[in-house]
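Everything below concerns the one structure shown next.
Bear in mind that the values in this text are calculations on the coordinates, not laboratory data. Remember, predicted model here, so these are calculated numbers, not experimental data. When we count neighbours, we look across all protein chains shown, and the Cβ atoms used for this are built from the backbone with ideal geometry, even at glycine.
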Amino acid sequence: MKLHEYQSKQIFAKYGVPIPKGRVATTAAEARQIAEELGGRVVVKAQVLVGGRGKAGGIKLANSPEEAEELATQILSMELKGLPVRKVLVDEAANIASEIYLGITNDRAARKPVMMASSEGGVEIEEVARKTPEKIIKIHIDPLLGLRDYQTRDLALGIDLPKEYWRDFSKVCFGLWEAYKNSDGTLAEINPLVITEEGKILAVDGKMIVDDNALFRHPDIAEMRDLDVEAPEEVEARKYGLSYIKLDGDIGCMVNGAGLAMTTMDVIKLYGGEPANFLDIGGGASAEKVAAAFRIILSEPNVKAVLINIFGGITRGDEVARGILAAMEEVKPKVPMVARLVGTNAEEGRKMLAKANMITAETLVEAAQKAVAAAKGGVQ
Ligand code: GDP
Ligand code: MN
């Protein structure tokens with residue numbers, strides 16, 4: 001789950017990371033009032049779950065409360081990378097002398113969290129990694145030992161941070177690490193961490209992603225979820241316990257098991273198709289769940305064919321087919337459907353589906369080829 005900038009910074013602040021004074025507003029009038037309270041220059045920042053808001057025009061400096069109101073009006077009517085702006089953060093403006101990057105994520109290959117720092121802050125870190133990878137300093141954190149003092153000094157040294165800031169920088173590193181660890185983060189990032197003209201270190205931006213599977217032990221974070229800005233299909237899918245991720249292609253996929261779903265997508269691509277989604281309906285999927293999955297897949301106007309790939313293990317093939325047929329009764333799909341069923345009673349299940357005019361297949365390769373052809377209009 002991605003957190004907004006203002007939410008991420010609030011969590012960082014709890015762990016002692018200095019952040020600018022400010023609050024979030026949903027109307028321009030509110031933004032003006034916050035600017036009045038802060039007294040002076042403020043920065044008005046679009047709260048959307050995408051990066052590069054600055055470049056896209058979603059971050060503006062205001063010299064007065066009137067200007068803050070005007071800019072908030074503009075920003076609140078914007079769409080950034082397809083997402084509507086519903087909230088703005090109004091922060092005391094910082095006088096930035098230099099910008100640093102600081103972030104933590106999991107390094108799966110190393111099986112450890114990795115903390116990264118760079119003197120090239122403010123720019124997207126992927127760009128720094130591409131153009132000047134030597135400017136990213138990394139240290140791995142042993143999960144049992146935690147972050148060590150000498151490691152934060154290694155980072156400070158690596159990014160040529162002047163000595164007088166080492167102590168404060170180290171505090172920020174420890175704060176970020178504690179925030180990441182205690183929230184079950186998969187990403188915690190400050191970009192930029194700035195040094196102000198007044199010689200203070202300040203986290204001007206913040207981004208955090210929390211492991212969905214750990215949300216049950218962080219009810220306070222789970223509550224921060226912003227349904228407004230998530231893809232509505234993903235919200236609907238979560239309601240039914242389905243794992244759904246929207247993609248750009250035109251072949252809808254309905255599969256049981258995450259591994260099988262990934263394989264299905266790979267095989268579709270191998271035969272020249274593009275999956276429209278990742279969808280794992282889980283084990284023992286009921287007709288109700290299958291119907292919800294159909295509704296979600298077919299709500300996407302791009303979808304030109306659907307590939308159903310079910311391995312009947314605990315659930316028998318004929319039961320799965322009955323579920324699919326019941327769901328089709330309800331949803332009445334208008335695009336070609338290709339089904340591959342294997343496992344117990346698969347034969348029986350396939351026959352039931354074929355009778356209902358579905359295209360059936362015995363192997364995944366055959367199913368993928370038929371789905372790709374169907375999406376291209378070759379099979380009806
Ligand atoms: P992002 O573009 O989505 O990463 O949003 P950021 O919060 O990182 O802001 C983008 C850029 O705007 C920063 O790198 C800064 O250069 C600038 N910026 C953000 N806040 C302030 C501020 O308080 N004062 C000044 N002068 N610049 C700011
Ligand atoms: Mn940023």
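Kirkwood radius, the chain, all distinct C-alpha pairs, inverse of mean reciprocal distance: 23.4 Å. With a ≥ b ≥ c the root eigenvalues of the C-alpha gyration tensor of region 89-188, is it rounded (a/c under 1.5), prolate (a/b larger than b/c) or oblate? Cα axes put region 89-188 in the rounded bin. Rounded to the nearest 500, the 222 nm mean residue ellipticity of the chain from helices alone is -11000 deg cm²/dmol, with -39,500 (n - 2.57) taken per DSSP H run of at least 4 residues. Quick one: of Lys269/Lys304; Lys87/Lys112; Lys2/Lys81, which pairs are farther than 26 Å apart, Cα to Cα? Going by Cα-Cα distance, Lys87/Lys112 fall outside the 26 Å limit.
The trypsin sites (Lys or Arg not before Pro) of region 127-208 meeting both criteria, a DSSP state outside H, G, I, E and B (loop) and at most 15 other C-beta atoms within 10 angstrom of the site's C-beta, are Arg148, Lys200. Ranked by how many other Cβ atoms sit within 10 Å of their own Cβ, fewest first, the residues Val365, Val43 fall in the order Val365, Val43. Within the P(r) computed for region 232-375, what percentage of the Cα pairs occupies the region above 28 Å? The proportion of pairs with Cα distances above 28 Å equals 5 percent. Compared with the dominant principal axis of the Cα atoms in the chain, helix 28-38 is inclined by about 30°. Axis of helix 65-76 versus longest Cα principal axis of the chain: the two differ by about 20°, to the nearest ten degrees.
If R0 is taken as 30 Å, the Cβ-Cβ distance between Asn213 and Arg23 corresponds to a FRET efficiency of 0.45.
For the chain, the longest principal axis of the alpha carbon atoms and the long axis of helix 346-355 meet at an angle near 80°. Placing a pseudo-label 7 Å from each Cα along the Cα-to-Cβ vector at Arg108 and Asn302 gives an inter-label distance of 2.2 nm.
Among the listed pairs Lys14/Lys200; Lys60/Lys163; Lys60/Lys135, those with a Cα-Cα distance over 21 Å are Lys60/Lys163; Lys60/Lys135. Neighbour counting of Cβ atoms within 10 Å sorts the residues Ser183, Ser299, fewest neighbours leading, into Ser299, Ser183.
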